[in-house]
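The values are calculated or read from the model by the stated rules, or taken from the named source; none is laboratory data. If you're wondering where the values come from, they're calculated on a predicted model, not measured in any experiment. Methodologically, a virtual Cβ is constructed for each residue, glycine included, from the backbone with ideal geometry; neighbour enumeration extends over all protein chains shown. Keep in mind that these areas ignore ligands, DNA and RNA; they rest on the heavy atoms of the full protein, side chains included. Shrake-Rupley method; radii C 1.70, N 1.55, O 1.52, S 1.80 Å.
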Amino acid sequence: MLLCIDCGNTNTVFSIWNGERFLCTLRTATEHTRTADQYFVWFSTLMQHHGIRPEITDVIISSTVPRVVFNLRVFADRFFNARPLVVGKPDCLLPHAPRVDQGTNVGPDRLVNTAGAFDRHGGDLIVVDFGTATTFDVVAHDGAYIGGVIAPGVNLSLEALHMAAAALPHVDVTKPQSVIGTNTVACMQSGVFWGYVGLVREICSRIRGEYDRPMRIIGTGGLASLFAQADVLFDTIEDDLTMHGLTVIHAYNKENGAE
Ligand SMILES: Nc1ncnc2c1ncn2[C@@H]1O[C@H](COP(=O)(O)OP(=O)(O)OP(=O)(O)O)[C@@H](O)[C@H]1O
Ligand SMILES: CC(C)(CO)[C@@H](O)C(=O)NCCC(=O)O
Ligand SMILES: [K+]
């Protein structure tokens, strides 16, 4: 079985792929001081809780935080005797090389989203991922990542308001009842919610204007479904797109004899 690990700047997600489906998905805060032993205690406790006895043979990691990779490598080696594939490292092959400015290190999560989305939908896509940052990845007709957009994440924007303004509380994003807020929290929620609806619309429409073929828009990340409630922003929403991309890249490396 394949253990897929997706480390974002906020959360780290583990998911076990048995070749047909994901058996379970575990989430923890990304923390570079966490040791291999700590990962294992957390992981095995949850395996027991779910009644799963996974036989992990392979591990693949995508990490936007370089510092956490070391301990995850030790975790894979010590407990599963596996040498993990790490997306973005030279020994991890990608189905399609990105076409970007020389010297650019594209975020591994964006490369993984690209591979997952192309596998499911073919090319000519915009993948919108609502994580710590809100990213737009443009997937060309042939499956290559050819660039995109990085905007501040939704929760980051709310947190920035709270941090910078003494009278603004910490709030969670939600779809407000109306645009005109009649209390502080409603005003902030309206600003962020409708602001992001506008941001996503405008960026997608301008990407479409610069691109020479029709494009489909795929939404992913925890908040995609919240924004889909507003108006139709996405052609589809897929919560497991990053995990699916990790299985695609793993299979590609197996087939193409990276090991
Ligand atoms: N209504 C909501 N309000 C605030 N946060 C929400 C809401 N719904 C989902 N979330 C958050 O969305 C997050 C899931 O998103 P996702 O895993 O895509 O990104 P992330 O973990 O925030 O970022 P990264 O992947 O960059 O670490 C979870 O942290 C979850 O708490
Ligand atoms: C933009 C984030 C933070 C989104 O997770 C990540 O993909 C990243 O660190 N990217 C590096 C820069 C780039 O993708 O061009
Ligand atoms: K993510």
Taking the alpha-carbon centre of each part, the distance from the range 166-198 to the range 19-98 in Å is 36 Å
Heavy-atom accessible area of residue 55, protein chains in place, probe 1.4 angstrom, given in Å² to nearest 10, is 140 Å²
Listed residues 219, 107, 195; largest mean-square fluctuation, Gaussian network over the chain with Cα springs below 10 Å, found at 195
Taking protein heavy atoms only, a 1.4 Å probe, and rounding to whole percent, the accessible area of the chain owed to carbon and sulfur comes out at 51 percent
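Just check the range 211-259 against the gyration tensor rule for me: Cα atoms, a ≥ b ≥ c as the square roots of the eigenvalues, rounded for a/c under 1.5, and otherwise prolate or oblate depending on whether a/b exceeds b/c.
Oblate shape, in that a/c is at least 1.5 and b/c is the bigger or equal ratio.
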Lys and Arg at +1, Asp and Glu at -1: neighbours of residue 136 with Cβ under 15 Å from its Cβ sum to -2
Given a 1.4 Å probe, the accessible area of the chain per residue, as a whole number of Å², is 51 Å²
Taking only protein heavy atoms and a 1.4 Å probe, the highest-to-lowest accessible-area order of 120, 78 is 78, 120
Once residue 32 and residue 174 are pulled to full extension, the length gained, defined as 0.36 nm per residue separation minus their Cα-Cα distance, is 48.1 nm
Expressed in square angstrom to the nearest 10, the accessible area of residue 40 with a 1.4 Å probe stands at 70 Å²
Of the residues 252, 82, 44, the Cα lying farthest along the dipole of the chain towards its positive end, which is defined by charges on the beta carbon of Lys, Arg, Asp and Glu, belongs to 44
Rh_Kirkwood(the chain) over Cα pairs, Å, one decimal, evaluates to 19.5 Å
About its Cα centre, the chain carries a charge dipole, from +1 on Lys and Arg Cβ atoms and -1 on Asp and Glu Cβ atoms, whose size in debye to the nearest 20 is 300 debye
